[in-house]
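Colleague: Starting off with a structure, shown below.
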Amino acid sequence: MKRLTVIGLEGLGEVKAGDSIGRLIWEAWSRKGEALLEGDIFVIAHKIVSKAEGRLIRLAEIKPSARALELARELGKDPALVEIILRESRRIIRMGGSTIIVETHHGFICANA
């Protein structure tokens, strides 16, 4: 019988622009003392990738487009945030509640990306 085990990884610390995510993960994993086996998979949030790439944005500096203003009203979201979501997206797949499901320019399907 196949088995799936999820192990949380703690101790990464604050990720900063220029950090090597692979190195940070490996160091945190090594401190756990767990074996890394062939076929093991690490799952990470895109937030730390954005931080490591230095892709932090000050929403106060964003000028929302007419489309972003329209969607922000519909969804009850910050217009600047909606503008960033639109800029980072190839297309909107679905909207509901206050969530926008998009396909990113990289082809990933994400919520509020």
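Colleague: Examine region 27-37 for a residue that is in a loop (DSSP other than H, G, I, E, B), under 30 Å from E103 (Cβ atoms) and free of Cβ contacts under 8 Å to residues at least 40 places away in the same chain, and state whether such a residue exists. Break it down into steps so the answer makes sense when it comes.
Modeller: Kept after step one, since they are in a loop (DSSP other than H, G, I, E, B), are these residues of region 27-37: 33-37.
Filter once more, so that each one left must be under 30 Å from E103 (Cβ atoms): none.
No, region 27-37 contains no residue that is in a loop (DSSP other than H, G, I, E, B), under 30 Å from E103 (Cβ atoms) and free of Cβ contacts under 8 Å to residues at least 40 places away in the same chain.
Colleague: Which one of these does R94 not meet: (1) assigned to a strand (DSSP E or B); (2) within 17 Å of the chain's Cα centre (by Cα)?
Modeller: It is condition (2) that R94 fails.
Colleague: I'd like the full set of residues that are among the aliphatic types (A, V, I, L, M), assigned to a loop (DSSP other than H, G, I, E, B) and loosely packed, with under 12 Cβ neighbours inside 10 Å, limited to region 47-61.
Modeller: Within region 47-61, the first condition is being among the aliphatic types (A, V, I, L, M), and the residues that meet it are 48-49, 52, 56-57, 59-60.
Checking which are assigned to a loop (DSSP other than H, G, I, E, B) leaves us with 56-57.
Within region 47-61, L56 is the sole residue that qualifies.
Colleague: Name the one entry in L69, L24 that is more than 20 Å from the chain's Cα centre (by Cα) and not acidic (D, E).
Modeller: Details: L24 fails: more than 20 Å from the chain's Cα centre (by Cα).
Just a single option satisfies the conditions, and that option is L69.
Colleague: Within region 62-82, is there a residue that is surrounded by 15 or more Cβ atoms within 10 Å (Cβ to Cβ), basic (K, R) and either under 20 Å from H105 (Cβ atoms) or in contact with an Asp or Glu (Cβ under 8 Å, 6 or more places away or on another chain) (or both)?
Modeller: no
Colleague: Under the condition of being under 23 Å from A113 (Cβ atoms) and surrounded by 10 or more Cβ atoms within 10 Å (Cβ to Cβ), which residue from region 21-46 is modelled with the lowest pLDDT? Step through it out loud before you land on a result.
Modeller: We begin by selecting, within region 21-46, every residue under 23 Å from A113 (Cβ atoms); these are 21-22, 24-25, 41-46.
From what is left, the residues that are surrounded by 10 or more Cβ atoms within 10 Å (Cβ to Cβ) are 21-22, 24-25, 42, 44, 46.
Values: I21: 94, G22: 93, L24: 93, I25: 92, F42: 88, I44: 88, H46: 82.
Only one residue fits best here, namely H46.
Colleague: Run G13 past the list (1) closer than 26 Å to I109 by Cα; (2) exposed (fewer than 13 other Cβ atoms within 10 Å of the Cβ); (3) not β-branched (V, I, T) and report the number of the one that doesn't hold.
Modeller: (1)
The values are calculated or read from the model by the stated rules, or taken from the named source; none is laboratory data. Since the model is a prediction, treat every value here as computed from it, not as a measurement. Methodologically, a virtual Cβ is constructed for each residue, glycine included, from the backbone with ideal geometry; neighbour enumeration extends over all protein chains shown.
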